[in-house]
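Okay, structure first, notes after.
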Amino acid sequence: MAMLEPGDVLIDSTGSRSLLRDHLVPGSGEVDGGTNTLEIRLEFALVITFLYGQKYDWNEYCKYYKNIENAHYKFIPMVHRTYHDGRISHVSGIVNITAEDYEAMPSRFDDQWLRSNFPGVAQSMDRFIDKIKQETHGEVLGDLEIVRIPLDLYRARNATSRRWLTAGPSDHPFASSPVFLAGDSAIGSPYFQSISLGFECAMYLAGLISQRDLPLRDMLDRYELYIYKQWLRVYMRSKMIKHNKDLFESLDDPLALLDKLHIY
């Protein structure tokens, strides 16, 4: 911010914990965090990753049939995103947990800690792995890595410094130099990689900047509208993924399933 001079263009691509997002509104930099961020908490989850000593591909059926004996905690693998190195598969998946579980867990731990402190989650994970072994006769290589995270859907309420431009004369650097949030700085979802959104933001922004005769105010307005449309895409997609995941977790409980179905 101190390096900005009139006529400079600043693009923030510092990720989900953007350095500049909460400075894009006049006065927001004086408040501790979150003033320019809309955040929707979808759920809490464990992200579990491990190496498996056989080549194995996941599909949608894995989500159900390998969890058929898991009444509560269900290990949901990332489908069609399995990475292979020869005959070794890199497996990653999530387990939905409660807010109370989340608070009682450290941010990072291994399978031994999980088995000692949350045996129900560990049994769910082990049943899933055992069914993989029955099909491919492989073994887990090394320890499991487990991270507990909140799954948040978020966006910047303002993706540019437009508010500074309309606030009137000011000595603040954002009042004379346009600022844009790109990629995860502007918008993000926990359920799928947002890197393609980052590329789309970058390409659209490059197109705006290349229009030398485009007034600055129009450039900021168009980018804000574009980011909002992207937000609608991400929001609807994420809510649908969450809803389908909730339905899947209730398949063996017909009354709970009916309660979650959208019936028109």
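Of note:
- Positive end of the dipole of segment 94-199 (Cβ unit charges, origin at the Cα centre): among Pro190, Leu144, Leu114, the Cα lying farthest that way belongs to Pro190.
- Cα centroid separation, segment 241-260 to segment 133-151 (Å): 25
- Projecting the Cα positions of Phe174, Met236, Pro215 onto the charge dipole of segment 128-249 (unit charges on Cβ atoms of Lys, Arg, Asp and Glu, taken about the Cα centre) puts Pro215 furthest along the positive direction.
- In the context of the full set of protein chains, residues of segment 1-140 present 57 Å² of accessible surface per residue (probe radius 1.4 Å, heavy atoms only).
- Inter-label distance, Met203 to Ile241: 2.0 nm, where each label sits 7 Å from its Cα along the C-beta direction.
- You can think of it this way: the chain between Asn59 and Ala167 has 33.7 nm of extra reach, that is 0.36 nm per residue less the Cα-Cα gap.
- Degrees between helix 119-136 axis and first principal axis of the chain (Cα, 0 to 90, nearest 10): 70
- Those lysines that a straight Cα-Cα span of less than 27 Å connects to Lys131, excepting residues fewer than 8 apart in one chain: Lys55, Lys63, Lys66, Lys74, Lys242, Lys245
- Solvent-accessible surface (1.4 angstrom probe) belonging to His90, in square angstrom, nearest 10: 80
- Counting protein heavy atoms only, segment 56-201 has 49 percent of its accessible area on carbon and sulfur, 1.4 angstrom probe.
- Rounded to the nearest 10 degrees, the angle from helix 195-210 to the longest Cα principal axis of the chain is 10 degrees.
- Solvent exposure ordering (accessible area, 1.4 Å, most first) of Tyr223, Tyr65, Tyr102: Tyr65, Tyr102, Tyr223
- Simple Cβ-charge dipole of the chain, Lys/Arg +1 and Asp/Glu -1, about Cα centre, in debye nearest 20: 660
- Entry comment: accessible area of segment 148-264 is 55 Å² per residue, from protein heavy atoms only and a probe of 1.4 Å.
- Cα long-axis angle, helix 216-249 against the chain (0 to 90 degrees, to the nearest 10): 10
The values are calculated or read from the model by the stated rules, or taken from the named source; none is laboratory data. Source: prediction; values computed, not measured. Note that we place each Cβ from the backbone using ideal geometry, even for glycine, and neighbour counts take in every protein chain shown. Only protein heavy atoms, including side chains, enter the accessible area calculation; ligands, DNA and RNA are left aside. Shrake-Rupley method; radii C 1.70, N 1.55, O 1.52, S 1.80 Å.
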